[in-house]
Amino acid sequence: MLAAPASADRMPAGFHRLIAAQFVSALADNALLIVTMALLQQRGAPAWWAPLLKFGFTLSYVFLAPLVGPLADAVPKARLMAWMNGVKVLGVLALIGGANPVAAFVVVGFGAAAYAPAKYGLVTELVAPRQLVAANGWLEVTVVCAVLLGTVFGGVLVSPALQPVWRHGLSALHLLLAVYALAALLNLGIPDSGARYAARAIHPLALLRDFRAGNATLWRDPLGGLSLAATTLFWGAGAPLQFVVLRWAQDHLGLPLHQASYLQAAVAVGVVAGAAAAGRFVALGQARRMLGFGIALGLLLPLVACTRSLWQAVPLLALAGALGGLMVVPLNALLQHRGCVLLTAGRSIAVQGFNENASILAMLAIYAALVAVELPIVPLMWGFGLLIALAIGVMTRRSRRLAG
């Protein structure tokens, strides 16, 4: 994990509890995805339904973005995070009750969408600007590890070894309810940062105009726009790649779903290492220099696609995770800093969430369409990798012009 900061830069009270709370909540989100994918397989649903779960989850991030930023600034953020875990519980209860899985994920996604600006905004309020990269090192390690280790946890829950347990009136979904409850309890113990913002108009049209202005402000800022473009691409491409790796492991390595999900632990180890190194050694002013790691990540994916050995795949996936962590942590910190300066903590995170999740929706829609037409997985991985490398190469050139 991250090296402990020097005593002079010790993180404020409540920071590590915030990290733990958001990790537990996000871990449950991603385990829920695997459990529900297994449920779809049991029902004989076509393969393109799986990315629709993530699509439904992400809808609220995009369509409610003008609302969730002001909401996060209007109430104590830790309290809002606890409430949103309750909303996620309602989505799981809907699944247990037999609701349509995509509709249930829309409910869970609403909870996550309001949770995100509260989480990131509270980090920005709690720590000083000089600590933002280190704080984001902690945060991104746990965010990405929750995605990947949550996938592993979900694989454990649907593995054949646990099936006898679920025959006694319980299910994997019941266990996930307990995990969400634990996250809510952790949220309630996080101290109030004390930050307060002036009351703003709550009329829907006024919120929409305010959000549109904030979005334009962040994109027009040289550093804000550059970092927003990089994180938007990273998370947009990362969402379908989670499904791509699972499908590739099943098709080319011959692994069942629960074992393919374990393979993503290799990516988690790499992300931890890369994010930890970035949080420890990269200053906020050096963030733009980390774009090169994103190019390397894109060029690595075709190499992974051509690998047919598990023992070759594991170190390559770990390296891919490390490259991603090295790039996204400093750029995310830069984006949060510029957003807090130009807007407010909650509003800037809502703008960031809107752009990143709109990218996720677009990429997932493209991926679902490509799966529906049965595009082979190897060309698909080549396409995603080269797209990432080309796009970040363009951003790197723009960054050099800014520096000049």
(request) Within the set of other residues whose C-beta is less than 10 Å from the C-beta of PRO117, count the net charge using Lys and Arg as +1 and Asp and Glu as -1. (result) +2
(request) List every residue whose amide H lies under 5 Å from the amide H of LEU255, counting only residues 5 or more places away in sequence or on a different chain, with H placed 1.01 Å from N in the peptide plane. (result) GLN250
(request) On the full set of protein chains, 1.4 Å probe, figure out the accessible area of SER261 and give it in Å² to the nearest 10. (result) 0 Å²
(request) Taking the Cβ of CYS340 as the centre, find all other residues whose Cβ is under 13 Å away and add up their charges (Lys, Arg: +1; Asp, Glu: -1). (result) -1
(message) Along the Cα→Cβ direction, 7 angstrom out, place labels at VAL156 and ARG10. What is the inter-label distance in nm?
(response) 3.2 nm
(message) Probe radius 1.4 Å, ligands and nucleic acids ignored: give me the carbon and sulfur share of the accessible area of segment 48-95 as a rounded percent.
(response) 79 percent
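Which order do you get for CYS340, CYS306, CYS145 if you rank them by accessible area with a 1.4 Å probe, largest at the top? Walk me through the numbers on the way to the answer.
Numbers: CYS340 55, CYS306 85, CYS145 10 Å².
Output order, biggest surface exposure first: CYS306, CYS340, CYS145.
Filter the DSSP H helices in the chain by two things, a Kyte-Doolittle mean of at least 0.0 and an axial alpha-carbon span of 18 angstrom or more, and list the hits by number. Show your work: numbers first, answer last.
Details: long enough: 15-42 (41 Å, 1.14); 49-63 (21 Å, 1.08); 77-96 (29 Å, 1.20); 101-126 (37 Å, 1.22); 132-157 (35 Å, 1.85); 172-188 (25 Å, 2.09); 204-220 (24 Å, -0.04); 222-252 (43 Å, 0.61); 257-281 (37 Å, 1.02); 291-305 (23 Å, 2.34); 310-342 (47 Å, 1.34); 345-372 (40 Å, 1.08); 377-403 (39 Å, 1.10).
Sorted by number, the helices that extend far enough and score high enough are 15-42, 49-63, 77-96, 101-126, 132-157, 172-188, 222-252, 257-281, 291-305, 310-342, 345-372, 377-403.
On the accessible surface of segment 338-404, probed at 1.4 Å, how many percent belong to carbon and sulfur atoms? Write down the numbers at each step before the final one.
Details: 2030 of 3050 Å².
Ligands and nucleic acids excluded, carbon and sulfur reach 67 percent.
By how many nm would the segment from ALA206 to ARG280 grow when fully extended, if each residue of separation counts as 0.36 nm and the alpha-carbon distance is taken off?
On the way: separation 74, 0.36 × 74 = 26.64 nm, distance 4.13 nm.
Here the segment from ALA206 to ARG280 would lengthen by 22.5 nm.
Around ASN30, with a cut-off of 13 angstrom between Cβ atoms, what is the net charge of the other residues, counting Lys and Arg +1 and Asp and Glu -1?
Working: positive: LYS54, LYS88; negative: ASP29.
Net local charge, ASN30 excluded: +1.
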(request) Work out the FRET efficiency for PHE63 and ALA181 from their Cβ-Cβ distance, taking R0 = 22 Å, and round it to the nearest 0.05. (result) 0.20
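Please report the carbon-and-sulfur percent of the accessible area for segment 100-166; probe 1.4 Å, protein heavy atoms only, DNA, RNA and ligands left out. Before the final figure, lay out each step's value.
On the way: 1350 of 1760 Å².
Roughly 76 percent of what the probe reaches on segment 100-166 is carbon or sulfur.
Just by accessible area at a 1.4 angstrom probe, what is the order of TRP311, TRP48 from largest to smallest? Working shown, then result.
On the way: TRP311 200, TRP48 100 Å².
My answer, sorted largest first, is TRP311, TRP48.
Rolling a 1.4 Å sphere over the protein heavy atoms, what is the accessible area per residue of the chain, to the nearest Å²?
On the way: 16210 Å² over 404 residues.
Here the residues of the chain average 40 Å² of exposed surface.
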(request) Once you have a ≥ b ≥ c as the square roots of the Cα gyration tensor eigenvalues for segment 322-391, tell me rounded if a/c is under 1.5, and otherwise prolate or oblate according to whether a/b is larger than b/c. (result) oblate
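The values are calculated or read from the model by the stated rules, or taken from the named source; none is laboratory data. Note that the structure is a prediction, hence the values are computed from the model and not measured. FYI the Cβ positions are ideal-geometry reconstructions off the backbone, even for glycines, and counts take in every protein chain you see. Only protein heavy atoms, including side chains, enter the accessible area calculation; ligands, DNA and RNA are left aside. Shrake-Rupley method; radii C 1.70, N 1.55, O 1.52, S 1.80 Å.
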